[in-house]
Every structure is written in structure tokens, then in C-alpha cells.
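First comes the structure, then the notes that go with it.
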Amino acid sequence: MNSQAEPHQAYDEFSLVLDPDVYEPLPDDWLIGITDVVSSTAAIRSGRYEDVNYAGASIIAALGNAWGSFDFPFVFRGDGAAFALPENGIMAATSALRDVAGFAKAELHLDLRVGLVTVGEIRANGRDVRIARYAASESATYAMFAGGGLKWAEQQIKKGRFLVKPGRYAMKPDLTGLSCDWAPFPSQRGEILSLLVEPRDQTRPEVFAALAKCVLAVFDAAPRRSHPLSGGTGMAREKQVSAKRWSDVASNSDFRKFDDGLRLTLDCAPEQIDSVEAMLIAARARGEIDFGLHRQSHALMTCLVPSGRPDSHLHFLDGMGGGYAKAAEMMEEGALAEVERSCPLSAGVRTTCPPSFLCLS
């Protein structure tokens, strides 16, 4: 990010990036790019979860390699990704989006929907794009997004607005550093959870932050905060890696992030999931949130090692059994059901945690 838009501080405690006051707005002329795999749940159902994740992360690798730097805000979303780039990056962004869409179609046989819109256009429609930085480790910093702008942009792109039409597939994008070399990781505690929680439009940021902290309190009660890469070593496709390398990989992974809402990939006990689900059902009934979750047996990791910066390796996590795509599907179904039931809204600011857990707000 350039100095005009880059937040001054990277927070090393995830709960701090739930505070709406730590987010800083991007300039109006910045660009927001969105990608998502069309019919991703059907592809995952047919066993193509690795291809879906690879296609989802491809824009991050292609754009970083074309731009010559990975120092721009982005977030991996399982079956797609989002990024922000200054206005002078429009040619690089457009070209990279076209290239990855063509690559996904020709090589992976997946339709990758791609779009580009300015922050100013998003603000003109009542949403915002604000950024904070979370330091997962000393060498891996991830952008967090707030303001509802990415969600709005994704909705519009799915409706056919702001699309970047893929060109004829002539040249494979430079995906140097992007790989899926790890075997899936089985749950050690019971189940791998993919969880999405988003505030409703009328929900005040402090209400959502209080709820998100309650959710984290449940999962943080487990060893290593329910990190899905909690074993002593990991298994690559060809060989087992050293404990030191595995520790670095686990530390640099994005198992927790904020992307216009809470997005988590965790290794949990079933009773933890049950407790959080009950909390979220109550919050949804109060009109505060929409949420979706999916339980599965394994987690999946897609890796990005930027060329020339092996110490800045990044590791994108998702659930192997559908992950974020299935959680999003459940969230859409749940939101529709709530609209049909016309549940009343809650006017309270404070969200109450279950008695056995401590709110961090």
C-alpha cells in the first residue's frame, strides 16, 4: 500500500482489529477487485476443492507478480479473493483479472467471475472501504476490510455490473509462488469449522464487535486458539517438513480474518461449535447478523511464497469439505428464512456471551 492509504500500525492481537476505530478509509480513486468461482459448491461436491481454492487465490499471485510487489491489501475467500490497488494500477489489475479468468477457464475448467470498481462508486452507494492491518507473525501481515464495501461490490458483480470481460486466453498469468503442495490436515479436536458472520446493514459496528469478541472467546478457550495447524509437523505432498518450518507455516496462516465480517477456519470441539451456533442464531433473530457455518473433517492450505521474499510466505486456509463456499450458501439460506419470518430487530448494543465464557468487550 502507498503511504496515503496504508494504516500506520499493524496489530498483533486479532481481537484489536474487531474495533471499528482502528480502520482507515481508502482514497476514492482506489480500485477494488473481486473474483469468485461460479458454481463453486458444485465443483467442490465433485472433489475439486483444490482447484477451486487455487483459482480463488490466483488473482493475488498474478497481480502481485505483475505489480512487482505484494504490498497491497488483499483477502483470500476460498472460492475467490478481493484486493485494493491505487488508481495507477488499473492496467495491471485489468490485465491480471482477464488473465486469471482465462486461465481458470482453459486450464482448470472453472468459470471465474471477475470485476473492478472504484472506492468512490462504492461510497456513492452508501458503503465504505476501510483498512486495518493484522500481523499474524513478524513476517506475515494481512489486510482486514470493513465498511461493507467489499460485500456490496461482490453483490453488484454477481448481478453483472462492473465485470471485467475475460479476453482470449493467450498467455498464462504469472502464478509464481502459488502452490497447493500440502496434504489436507485432519481435525485434532473434533471438526474443522468454516464460519462466516456478517453484520446486517443497520447493525452498529460496536454491536457487531461485541458479538465477534464473544465468538472468539469461545474458540480461544481451546489450546492454541483452535488453530487448525496445531500439530507438531505438517506433511507436504512429497515429504514431512521440519518442526521449525512447520511452526513458521502455521504462524503465517490466515485462519482468522475480518472481511466485512468475521471469517474463520478453526479446529474445534463439537460443543464449541454448538455454543457459538446458539449464540449466532439468537443474534440473527435479533436482526443483528447473518451467518453461515460448515463442519468438515479436514482443512486445506494454499500457499503463496512471493518471489525473492521467502520469509514473507503466506498460507491461505479453507475447509476441505466446502469450507467458506458452503458457509456462504448456508448464510444466504438463513438470511432468506429470517426475512420470510420477519423477525423483530434488537435495539441493544451489548451482546451477552454464554455464562461459561467471558466477553472481551
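Tell me whether the range 87-97 contains one or more residues that are open to solvent by less than 10 Å² (accessible area, probe 1.4 Å) and either over 22 Å from the mean Cα position of the chain (by Cα) or farther than 29 Å from His313 by Cβ (or both).
Taking every residue of the range 87-97 in turn, at least one turns out to be open to solvent by less than 10 Å² (accessible area, probe 1.4 Å) and either over 22 Å from the mean Cα position of the chain (by Cα) or farther than 29 Å from His313 by Cβ (or both).
Do we find that Gly149 is surrounded by 15 or more Cβ atoms within 10 Å (Cβ to Cβ) and on the phi < 0 side of the Ramachandran plot in this structure?
yes
Residues that are without any contact (Cβ under 8 Å) to a residue 12 or more places away in the chain, at negative phi, out of contact with any helix residue (DSSP H, G or I) (no Cβ under 6 Å at 6 or more places or on another chain) and not in a loop (DSSP other than H, G, I, E, B): does the range 280-295 have at least one?
Yes - at least one qualifying residue is present in the range 280-295.
Can you pull out every residue in the range 255-299 that is farther than 17 Å from Ala210 by Cα and of a type in the set (A, V, I, L, M)?
Those that are farther than 17 Å from Ala210 by Cα and of a type in the set (A, V, I, L, M): Leu266, Ala269, Ile273, Leu293, Ala299.
Taking the conditions exactly as written (closer than 30 Å to Glu329 by Cα, in contact with a Ser or Thr (Cβ under 9 Å, 6 or more places away or on another chain) and either modelled with pLDDT of 95 or more or open to solvent by 10 Å² or more (accessible area, probe 1.4 Å) (or both)), does Asn53 satisfy them or not?
Yes; evaluated as a whole, the condition is true for this residue.
Which numbered condition in (1) open to solvent by less than 10 Å² (accessible area, probe 1.4 Å); (2) on the phi < 0 side of the Ramachandran plot is the only one that Gln9 fails?
Condition (1) is where Gln9 drops out.
Here is a yes/no grid of residues against (1) open to solvent by less than 40 Å² (accessible area, probe 1.4 Å); (2) touching a strand residue (DSSP E or B) at 6+ places or on another chain (Cβ under 6 Å):
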position: Lys158; (1), (2): no, no
position: Leu163; (1), (2): no, yes
position: Arg168; (1), (2): no, no
position: Pro173; (1), (2): yes, no
position: Asp181; (1), (2): no, yes
position: Phe185; (1), (2): yes, yes
position: Leu195; (1), (2): yes, yes
position: Thr203; (1), (2): yes, no
position: Phe208; (1), (2): yes, yes
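Could you grab me the full set of residues in the range 280-328 that are surrounded by 20 or more Cβ atoms within 10 Å (Cβ to Cβ) and of a type in the set (Gly, Ala, Ser)?
Ala283, Gly292, Ala299, Gly319, Gly321, Gly322, Gly323, Ala325, Ala327, Ala328
Can you tell which of Asp318, Asp248, Asp274 is closer than 22 Å to Gly78 by Cα, modelled with pLDDT of 95 or more and not in a loop (DSSP other than H, G, I, E, B)?
Asp318
How many residues are part of a helix (DSSP H, G or I), under 24 Å from Ile122 (Cβ atoms) and open to solvent by 40 Å² or more (accessible area, probe 1.4 Å) if we restrict to the range 21-50?
1
Here are some conditions: (1) without any contact (Cβ under 8 Å) to a residue 60 or more places away in the chain; (2) out of contact with any helix residue (DSSP H, G or I) (no Cβ under 7 Å at 6 or more places or on another chain). Ser95 meets all but one. Which one does it not meet?
Answer for Ser95: the failing condition is (2).
State whether the residues of the range 325-344 include one that is β-branched (Val, Ile, Thr) and at pLDDT below 95.
Yes, some residue in the range 325-344 is β-branched (Val, Ile, Thr) and at pLDDT below 95.
Could you please find all residues in the range 100-127 being open to solvent by less than 40 Å² (accessible area, probe 1.4 Å) and part of a helix (DSSP H, G or I)?
Val100, Ala101, Gly102, Phe103, Ala104, Leu108, Val119, Gly120, Ile122
Output the number of residues of the range 170-221 satisfying the condition of being over 20 Å from the mean Cα position of the chain (by Cα), over 27 Å from Ala146 (Cβ atoms) and outside any loop (DSSP other than H, G, I, E, B).
So the count comes out to 1.
The values are calculated or read from the model by the stated rules, or taken from the named source; none is laboratory data. Note that the structure is predicted; figures quoted are calculated from it, not measured. Glycine also receives a Cβ, built like all others from the backbone with ideal geometry; neighbour counts cover every protein chain displayed. Side chains are part of the model used for accessible areas, which takes the heavy atoms of the whole protein and leaves out ligands, DNA and RNA. Shrake-Rupley method; radii C 1.70, N 1.55, O 1.52, S 1.80 Å.
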